1. Suppose we filter region B:103-131 for residues that are assigned to a loop (DSSP other than H, G, I, E, B), more than 18 Å from A:VAL131 (Cα to Cα) and either touching a residue at least 40 places away in the same chain (Cβ under 8 Å) or polar (S, T, N, Q) (or both); how many remain?
2. Return the residue satisfying two criteria in turn: it lies in region B:45-54 and is more than 10 Å from ligand 2 (Cβ to nearest atom) and under 17 Å from B:ASP26 (Cβ atoms), and of such residues it is surrounded by the most Cβ atoms within 10 Å (Cβ to Cβ).
3. Do we find that A:ALA162 is modelled with pLDDT of 90 or more, among the small types (Gly, Ala, Ser), in a helix (DSSP H, G or I) and under 16 Å from the mean Cα position of the chain (by Cα) in this structure?
4. Inside region A:1-107, counting only helices (runs of 4 or more DSSP H) that do not spill past its ends, which hold 2 or more residues that are among the charged types (D, E, K, R) and in contact with a Gly (Cβ under 7 Å, 6 or more places away or on another chain)?
5. For region B:66-95, how many residues are over 18 Å from B:VAL110 (Cβ atoms), touching a residue at least 24 places away in the same chain (Cβ under 8 Å) and touching a helix residue (DSSP H, G or I) at 6+ places or on another chain (Cβ under 7 Å)?
6. Being closer than 22 Å to B:ILE37 by Cα, at pLDDT 95 or above, of a type in the set (Ser, Thr, Tyr) and in contact with a helix residue (DSSP H, G or I) (Cβ under 9 Å, 6 or more places away or on another chain), is that true of even one residue in region B:147-165?
7. What's the number of the condition A:VAL126 fails, among (1) buried (at least 21 other Cβ atoms within 10 Å of the Cβ); (2) under 20 Å from A:LYS54 (Cβ atoms)?
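The values are calculated or read from the model by the stated rules, or taken from the named source; none is laboratory data. Predicted model, so just to flag it, every value in this text is computed and none were measured. For neighbour counting, all protein chains shown are included, and Cβ atoms are generated from backbone atoms with ideal geometry for every residue, glycine included.
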Amino acid sequence: MRDDLIDLLWTGLLETLYMVFWSSLFALAIGLALGITVVVTERGGILPIPILNKVIGFIINTVRSLPFIILIVILLPVSRFIVGTSLGPKAAIVALSIGAAPFLARIIENSLKEVAGGKIEAAKSVGASPVTIIFRVLIPEALPALVRAATIAVIAITEFTAVAGAIGAGGLGSLAIRFGYQRFREDILFATVLVIILLVQIIQWTGDLTARSIQQRRFKRE
Amino acid sequence: MITVQQLSKSYSTTKGATIQALDGIDLHIDRGDIFGIIGFSGAGKSTLIRCLNRLEEPDTGSIIVGGQDIMLLKGKELRQARQKIGMIFQQFNLLDSRTVFGNVAFPLEVAGKSKAEIRDRVTDILELVQLSDKAGMYPSQLSGGQKQRVGIARALANDPDVLLSDEATSALDPETTHSILELMKDINRKLKLTIVLITHELDVLQHICNRMAVIEGGRIVETGTVDKFFIQPESATSKRFVHIVQNYYANRFLVEGQGAGI
Ligand SMILES: Nc1ncnc2c1ncn2[C@@H]1O[C@H](COP(=O)(O)OP(=O)(O)O)[C@@H](O)[C@H]1O
Ligand SMILES: [Mg+2]
């Protein structure tokens, strides 16, 4: 073990957290918008627009079918356009957000579809508008499932940040590749892996805890 | 209060066939009545009652509720009309994310009422359905009967003129069914509410309905008072219903007569 280890790890961790945080936020926003749109616009949904439904479904499937590493390359010009560079954490955030959003859209779609149709009918029967149904019925009723979906997505994004090291994104993934792999620094490789494992565990715990506490409040027994 | 004319509705199945669920329904329901619609499974009961607030979109026909043709309404107008047509369901359909209070408050939020108005109204309604002590509980903590009381409270929150009930007691045990029917009778009297209820249980009809209709294969085959239905059944469905009940009583009498008891 050499004395630069802690410093390198710390910087890597901060970069990773920075990327994970913003990518998750953006991916979640885009994923929610897409997931909700898919659910409400499908035939028999609360705002059926079959054409829009098909188009969004197609976009989601297309992006999802591309391997992430290829997606990054395709998105390089997009990153340059949005954040002014195709290198570094900011560029990675663009790629990660767009790459993870369709995946999130699908799991959010599934979570929302779990909400019993009867609840939506009941809301309709008291005169609720589609917007009210989305924000006051669909999302609150699906919340525990949505939190679980978000947890899976944040973990997937954490893993992807490592791949994003390929465009010099920085973070723990780059650290492992640049030092661990290219310079044979095994101490850094193992330490990096350890920190990533810990990070994923913490994200999972936080997600589980949040989902469970919502669930318990609603389904407690006296 | 409600006049339905030539109401038809068909479903197309995935195999390309069409099912004529409702076939030229004519119906008149008086203000303040408790009107029963009975029929066997698949007769079209749910489709009919769901057309009354356009949860189901009819193909043709007119539906006048309180002088307003529901079929001519769109978007916001339809949603406003629905605020005056309460509905309760067999599976209760309460929101698990909200407490009893929150569930009853929901229609009032939809109607754009203020926090203070909502608090007062929910308090009153919960008292009416005898659930004042359960306001802070979640649906999962309630019994079936209590859940249906919340369903009724929610349906009544915006002070509707009509209450639609789709097999509201079919998931409940006989004793709870009785108490829910008594509650419906009570609100019918106190609030001068017109109630349309769908059932496949004769007990329910006998207990609270005044007038009724029999539905069979998407058509109304008989209308009249509940008494007439039991004394002088005309349609095949009515005869079958009454026959089943008579058989039941006859058999019970026989078994009891032999000393077996029930
Ligand atoms: N969404 C639907 N799609 C296709 N067929 C339906 C649908 N809903 C009801 N039906 C059919 O319409 C008929 C009437 O159904 P319904 O009104 O639910 O009967 P009931 O409530 O009297 O049991 C049945 O044959 C049923 O299979
Ligand atoms: Mg039915």
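1. 3
2. B:CYS51
3. Spelling it out, it is not the case that A:ALA162 is modelled with pLDDT of 90 or more, among the small types (Gly, Ala, Ser), in a helix (DSSP H, G or I) and under 16 Å from the mean Cα position of the chain (by Cα).
4. Values: elements: A:5-41, A:50-65, A:68-83.
Output list is empty.
5. The total comes to 2.
6. Within region B:147-165 (the criterion being closer than 22 Å to B:ILE37 by Cα, at pLDDT 95 or above, of a type in the set (Ser, Thr, Tyr) and in contact with a helix residue (DSSP H, G or I) (Cβ under 9 Å, 6 or more places away or on another chain)), the answer is yes, since at least one residue qualifies.
7. Condition (2) is where A:VAL126 drops out.
The rows are residues; the columns are (1) within 13 Å of ligand 1 (Cβ to nearest atom); (2) buried (at least 16 other Cβ atoms within 10 Å of the Cβ); (3) of a type in the set (Val, Ile, Thr); (4) farther than 27 Å from B:ASP227 by Cα.
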residue: B:GLN6; (1), (2), (3), (4): no, no, no, no
residue: B:GLY24; (1), (2), (3), (4): no, no, no, no
residue: B:ILE37; (1), (2), (3), (4): yes, yes, yes, no
residue: B:ALA43; (1), (2), (3), (4): yes, yes, no, no
residue: B:GLU56; (1), (2), (3), (4): yes, yes, no, yes
residue: B:LEU72; (1), (2), (3), (4): no, no, no, yes
residue: B:ARG79; (1), (2), (3), (4): no, yes, no, yes
residue: B:ARG82; (1), (2), (3), (4): no, yes, no, yes
